[in-house]
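Input: a single structure, listed below in structure tokens.
The values are calculated or read from the model by the stated rules, or taken from the named source; none is laboratory data. All values reported here derive from a predicted model rather than from experimental measurement. Cβ: placed from backbone, ideal geometry, glycine included. Neighbour counts: every protein chain shown. Accessible surface is based on the protein model in full, side chains and every heavy atom, while ligands, DNA and RNA are left aside. Shrake-Rupley method; radii C 1.70, N 1.55, O 1.52, S 1.80 Å.
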Amino acid sequence: DWSSDVCSSDLIDNPAEILPTGSFSNLTTTYGTASASTTLFVKADHLSADVVATAPAGFEVSLDDVHYGTSVVFVQSGGNASGTLYLRLAATMAAGTYASSVTLSTANAANVSLPIPTSTVLQKALTISGVTVVAKVYDGTTSATLDSTGGALVGLVGGDAVTLVAASATGTYADPKVGAGKKVTTSGFTLTGAAAGNYSLTQPTVSGTITAKALSVAGVTVVPKTYDGTTSATLSSAAATVTGVVAGDIVTLSPVGATGT
């Protein structure tokens, strides 16, 4: 058949060609959020089938920067196809760095590989809620006892298996002085679980209260008196001592103004 010979000759003389223009830029995003897109232009001639663009694992492609998937199709018409190819990191891509390529394929043509420069998925920062500080009596130290029974992670991507570990968590006051609403810096909270590597953890800053420590006085005596119709008592504080002072603190007992009744 003469027409068949012509068609066969045309395919041999003009094999299908995929001719991308431009190159992808590197991509950056934070775990749980799809990245912005990078693009290049795809043109193909002498086609007998559509051109398929296939993204590597963790990446997505699109023809309109709206609808993304693992692959897209450039539909041929009259043997030709063209359009802009959009590429982005998927929101589900684990934290890390990646370098790969998109594959363009069609019938009667060799596949074309479109390199993706090294791209990065950053860890998502989590915060902690529900941690409180147990009020303490002044002891001369800046240590704070934390209550983490109500501690919860804030910012997890739904469904991720990540658990807060508080066993080694500690708290520290800025100074040991008595006061309410005092800032406590924490450390030692960690994460565990299959998806923990996708996250960083911000240690919580909480507040606590240090109350005054009660001291007692010993060695005070009362000077005997002759009845005078009053309840006044004269005190002798020469041997008075104060007990309960935290080691290292300088505290002096002052009997000035002390009265007895």
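What to note about this one:
- Calculated accessible area for segment 13-166 comes out at 48 Å² per residue, all protein chains present (probe 1.4 Å; ligands, DNA, RNA ignored).
- Net +/- balance of residues flanking PRO204 in space, Cβ distance below 13 Å, scoring K and R +1, D and E -1: 0
- If you take all other residues with their beta carbon under 15 Å from the beta carbon of PHE41, and give Lys and Arg +1 and Asp and Glu -1, the sum is -3.
- Look at (1) 25.7; (2) 22.2; (3) 19.3: the one that is Kirkwood radius over Cα pairs in Å derived from this structure is (1).
- The orientation-averaged shadow of the Cα convex hull for segment 18-62, equal to a quarter of the hull surface, comes to 3.9 nm².
- Note on the chain: GNM, Cα springs under 10 Å; of LEU164, LEU87, LEU19, the largest mean-square fluctuation is that of LEU19.
- Shape class of segment 93-158 from the alpha-carbon gyration tensor: prolate, with a/c at 1.5 or above and a/b greater than b/c.
- Charged-residue dipole, Cβ positions (Lys, Arg, Asp, Glu), the chain about Cα centre, Debye nearest 20: 2060
- Projected area, mean over directions - segment 1-141, Cα convex hull, nm²: 12.5
- Rg to Rh quotient for segment 188-261, alpha carbon positions, Kirkwood Rh: 1.47
- Radius of gyration and Dmax over the Cα atoms of segment 155-196, both given in Å: 15.0, 44
- Cα centroid separation - segment 63-118 against segment 242-261, whole Å: 81
- Surface composition of segment 72-194: carbon plus sulfur atoms contribute 54% of the solvent-accessible area (1.4 Å probe, protein chains only, all chains present).
- Calculated FRET efficiency for the pair ASP50/SER23, C-beta based, R₀ 30 Å, to 0.05: 0.85
- Long-range lysine pairs (8 or more apart or interchain), segment 103-237, Cα under 12 Å: 4
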